[in-house]
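A quick write-up on the structure given underneath.
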Amino acid sequence: MNTATTQRIEGLWVPIVTPFEDDGTLDLASLGTLAEHLLSAGVDGLVALGTTGEPATLTAQERVDVVRVCAWACERAGRRLIVGAGTNSTQGTIDEVGLLTSSGGVDAVLIVAPYYTRPSEAAIVDHFHVVADASPVPVLAYNIPYRTCRGLDAASLLATAAHANIVGMKQSVGSLDVDTLELLRADSESFDLLAGDDAFIAPTILMGGSGAIAAAAHVCTEAFVELTAVARAEKAGEAAALAGRLLPVVRAGFAEPSPAVWKGALARSGLIASAQVRRPLTGASADAITALEDAVVAVGDRRGACVGEPTT
């Protein structure tokens, strides 16, 4: 990839939730409010229609509408937008990329390894390359084997990274494993590896990663921005201390199926109108939401300090 014409995918990106009204309809007003809030807190960009955005439960038109609102917010803030467009079909993914990038405002697409069909690793690499050949914007590959039931070893990660239009990877393997370290060791100036597991932001960046895509940054956003910055500045001690403070937030937010707990906290703070999720997901328990709020309070100075002003 020509680094003179392609910006690096670095820093902190938030895979923004998709807000719904209590009746289950799309709440674009809350989406816009939340997007502006996150961007004003200093994140480097948004990821629309990532796993946290519940894209599998949205219609095609709803997905287009979500991208439109997020692109508007990013343009106003002078930030960038990545859009999740992966499916478990190669042609379906190409079609989805075309649909979601057709109106502009999308800087890259996030393409997950094909799920459910369980192709070989070689076939997954081929899938990424075929999609990248067809994509009008750069591709960020997404390796998340605990959702797809297929992972990529070091050789496959490096083969994926070799494509000129694949500019990075979101690596979500539940650890900082040897295969990830092999990819980081390659030290490419045209390929960015981002932590996809929020508990491993600091170690991934300190070992050479470029940043993170972190759902936990819906809350304590400025603290996660700082964590990413100090890790990128190779301030290991500061990064370790801040990561330790934020770990209870990460654990609390993922205590029940995501994004239910994040949405619950955001709704209680007034940043979105409702905590509604779409089936087959169900809403978070009150205890889980309170546990996240308590974890947030331990990081901030007062209740709600990390998620916006609480409602009165």
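The values are calculated or read from the model by the stated rules, or taken from the named source; none is laboratory data. All values derive from a computational prediction rather than experimental measurement. Don't worry about glycine lacking a Cβ; one is built from the backbone with ideal geometry, like all the others, and counts go over all protein chains shown.
What are the residues in region 86-106 that are out of contact with any Leu (no Cβ under 8 Å at 6 or more places or on another chain), outside any helix (DSSP H, G or I) and under 24 Å from ALA123 (Cβ atoms), if any?
Residues satisfying the conditions are THR87, ASN88, SER89.
Are any residues in region 89-105 surrounded by fewer than 23 Cβ atoms within 10 Å (Cβ to Cβ) and under 20 Å from GLY168 (Cα atoms), and if so, which ones?
THR90, ILE94, GLY98, THR101, GLY105
Restricting to region 115-128, name every residue that is part of a helix (DSSP H, G or I) and either closer than 14 Å to GLY86 by Cβ or in contact (Cβ under 8 Å) with a residue 40 or more places away in the chain (or both).
Those that are part of a helix (DSSP H, G or I) and either closer than 14 Å to GLY86 by Cβ or in contact (Cβ under 8 Å) with a residue 40 or more places away in the chain (or both): ILE124, HIS127, PHE128.
Counting only residues that are over 23 Å from ASP192 (Cα atoms) and touching an Asp or Glu at 6+ places or on another chain (Cβ under 7 Å), how many does region 78-99 have?
Adding up the residues that qualify gives 0.
Only one of these conditions is not met by PHE128: (1) more than 16 Å from the chain's Cα centre (by Cα); (2) of a type in the set (Phe, Trp, Tyr); (3) closer than 19 Å to LEU46 by Cα. Which number is it?
Unmet condition: (3).
Please pick out the residue among ARG8, ARG68 that is assigned to a helix (DSSP H, G or I), surrounded by fewer than 22 Cβ atoms within 10 Å (Cβ to Cβ) and of a type in the set (D, E, K, R).
ARG68
Would you please name the residue that is farthest from ARG185 (Cα to Cα), looking only at residues in region 145-167 that are part of a loop (DSSP other than H, G, I, E, B) and out of contact with any Pro (no Cβ under 9 Å at 6 or more places or on another chain)?
Of everything passing the filter in region 145-167, CYS149 is farthest from ARG185 (Cα to Cα).
Could you say which residue among GLU189, GLU226 is more than 19 Å from the chain's Cα centre (by Cα) and either surrounded by fewer than 18 Cβ atoms within 10 Å (Cβ to Cβ) or modelled with pLDDT of 95 or more (or both)?
Within the list GLU189, GLU226, the selection yields GLU189.
Among what's in region 131-144 and is within 27 Å of GLY174 (Cα to Cα) and not in a strand (DSSP E or B), pick the residue that is modelled with the lowest pLDDT.
ILE144
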